[in-house]
Amino acid sequence: MARKNPNEPKDRALEAVLLGWSTVRHHPMFAHIGQHVTLTRRNGIRPDDGWAQVDSETGETVVDPTRQAEPEQWAWVFAHLLLHLGFGHLDPRESFATRAEATAADVEVDRFLASLKFGRTPFDLPALWPMGSPGRLAEEWRLTGVPAGLETCGVAGTAPCVTQGRRPWGDAPDWRQLFTYGLTDAVSAAMDVAGGARVSLSDPSAPMAAWERARRWFLSAYPLLGATMSTLTVVADAELARGWDIPIAAVDPVAGELYVNPLAVFSEHEWRFVLAHEALHAALSHHTRAGGRDPYLFNLATDFVINGWLVEMAVGEMPSGLLHDPQFAGQSSEEVYDRIATDSRRYRKLATLRGRAQPDILDSGGRLPSAGGSVDLDDLLRRSLGTGLDLHLAEGRGHVPSALVAAIRALAQPPLRWDVELARWFEEMFPSLEPVQTYARPSRRQSATPDIPRPGWLTPEIPMTQRTFGVVLDTSGSMDVRLLGKALGAIASYARAHDVPAARVVFCDAAAYDAGYLDVDDIAAGIRVRGRGGTVLQPAVDLLERASDFPEDGPLLIITDGFIDVLRIRRTHAFLIPAAASLPFRPKGPVFRFS
């Protein structure tokens, strides 16, 4: 065969035909039928301006390659012919005797293509299609005639779209069954596109991004995070990632968006780990739990906890360089924060998935999710994680760390107010005094039988030194007087409710000022703050621990704004700090945050 001259002009009409046919062949709905159809070129196939015809026996499709049209128009023409075969309209065993039946079949095919939004019609079609089955329309049009504008709605002009030749060997394919297979594949492909597992419905060979495959794996095979992953929108934009300094990934729980850098090279298993990491950040409400803590250090603490859980659950493969330390196993994010805060200079050199000194939990700047739902996005994420845990455990899909289970269960419970937690602490430290029966105080209510001695009820008297507590009050200049008064009022109220007559109060800033035992009513009425210097609370703690008139088992309540040095406390104690404050060390006692 002579080599084709590269300078010879290209046949644009033929190229459009071949591109249109390729589009139809690669569409899952027509792929099965297309395997049994051959394309034949024949100039001027009909004198009545036809485009193409298909043979229902041999599957041969004859086209006129001289027709000038776009590939999308040829795709529509070929889809029209294959739908005739798939619908069984012109089966060789069911010959259409009249033009009414053929037009009714064309109308049904064109209506289907219009709803499918596939290709582009090469000629004008009615804006409104007559409704009804082909049989009913044909019956009506045999009496009234075919309506104007519908006579040539097929692709072969006034000739039938499907011819009935003779197959040289074997039986004709079962076009209806092949079309059923195509419908099934098309539905499955549409679900893949919606779920991100596939880029194009018409091109099954289109490459699928690794993070898309990882996300689909969660939706189909990992119920713990499947609902959460479906709630978040994955945004893969290289320009956005560059502008926001996101080398790998980040999440915005307020906007409900999970950002990935498409230029980051990871395997599917590594992307599973990354997506699960960011999804847990959002679902566990880490963006609202930092409080007064350093945001970046708290982000690092949550990274240590999340990565430890994912490694334990064997979710994907952890990329190199991510934060993981077995010494933090079983600890909460707050506990890890308290530990790393003591060496913040070293830990600040570590990096999250967004890089060094960049938290991967983004703040959308107050942008709220769209209104109209019954719950906000935070509630939806928390509920999705709880539902996923129930499904995960019910189906036995794998191990879930007990700390993660506890964290998820805790999300379903409303948080306790600080004053309720403080009341529980008082109840634990000072159980309510229950009255007892004693004959030392006879009952006077038995006047009918005065000769029978009966015991009376008596509330035991406990010495003040056995039912008291110490208050170390930070009186430095950074303390908010209004919040301080609110905290002291709550202390006085709970002390009186638990039969605590007085408390030993020590003011402290640069030095300790012992106020002695104060009646709880005096605390509630307000006390005069003596010191307003720096903040060194250790002398006040030492004073109470060494005081001979203070019980050895008396608990301490330290009220401070958090700007203090490390404290060494040997006895039972608790901290009462503002909601926006944090301690520079890991406390051994409970911390109550008042607001």
Checked Ala75, Ala102 against criteria (closer than 28 Å to His36 by Cα, of a type outside the set (Lys, Arg), out of contact with any helix residue (DSSP H, G or I) (no Cβ under 7 Å at 6 or more places or on another chain) and buried (at least 20 other Cβ atoms within 10 Å of the Cβ)); the one match is Ala102
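Given the structure, is Val251 modelled with pLDDT of 90 or more and not small (Gly, Ala, Ser)?
Details: modelled with pLDDT of 90 or more: yes; not small (Gly, Ala, Ser): yes.
For Val251, the condition - modelled with pLDDT of 90 or more and not small (Gly, Ala, Ser) - is met.
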Subset of the stretch 232-245, residues surrounded by 18 or more Cβ atoms within 10 Å (Cβ to Cβ) and in a helix (DSSP H, G or I), comes to Ala241
For Leu258, the lone unmet condition from (1) at pLDDT 90 or above; (2) surrounded by fewer than 18 Cβ atoms within 10 Å (Cβ to Cβ) is (2)
For the stretch 124-174, the count of residues that are surrounded by fewer than 10 Cβ atoms within 10 Å (Cβ to Cβ) and over 15 Å from Phe112 (Cβ atoms) equals 11
Scanning the stretch 39-57 residue by residue, those modelled with pLDDT of 85 or more and either part of a helix (DSSP H, G or I) or farther than 18 Å from Leu83 by Cβ (or both) turn out to be none
Note on the stretch 246-304: residues assigned to a loop (DSSP other than H, G, I, E, B) and of a type in the set (S, T, N, Q) are Asn261, Ser267, Ser285, Thr288
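Restrict the check to the stretch 343-357 and report whether at least one residue is among the aliphatic types (A, V, I, L, M), under 18 Å from the mean Cα position of the chain (by Cα), buried (at least 22 other Cβ atoms within 10 Å of the Cβ) and modelled with pLDDT of 90 or more. Spell out the reasoning first.
Taking the stretch 343-357 as the starting set, the residues that turn out to be among the aliphatic types (A, V, I, L, M) are 350-351, 353, 357.
Now narrow it down to the ones that are under 18 Å from the mean Cα position of the chain (by Cα): 353.
Those still in the list that are buried (at least 22 other Cβ atoms within 10 Å of the Cβ) too: 353.
Applying the additional criterion that residues be modelled with pLDDT of 90 or more yields none.
Checked against the condition, which is being among the aliphatic types (A, V, I, L, M), under 18 Å from the mean Cα position of the chain (by Cα), buried (at least 22 other Cβ atoms within 10 Å of the Cβ) and modelled with pLDDT of 90 or more, the stretch 343-357 yields no hits at all.
Conditions tested, residue by residue: (1) at pLDDT 70 or above; (2) farther than 30 Å from Asp553 by Cα.
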position: Asp451; (1), (2): yes, yes
position: Thr459; (1), (2): no, no
position: Val472; (1), (2): yes, no
position: Ala495; (1), (2): yes, no
position: Asp499; (1), (2): yes, no
position: Ala502; (1), (2): yes, no
position: Phe507; (1), (2): yes, no
position: Asp514; (1), (2): yes, no
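The values are calculated or read from the model by the stated rules, or taken from the named source; none is laboratory data. This one's a predicted model, so the numbers in the text were calculated from it and none came from an experiment. In this analysis, Cβ positions are derived from the backbone assuming ideal geometry, glycine residues included, and neighbour counts consider all displayed protein chains.
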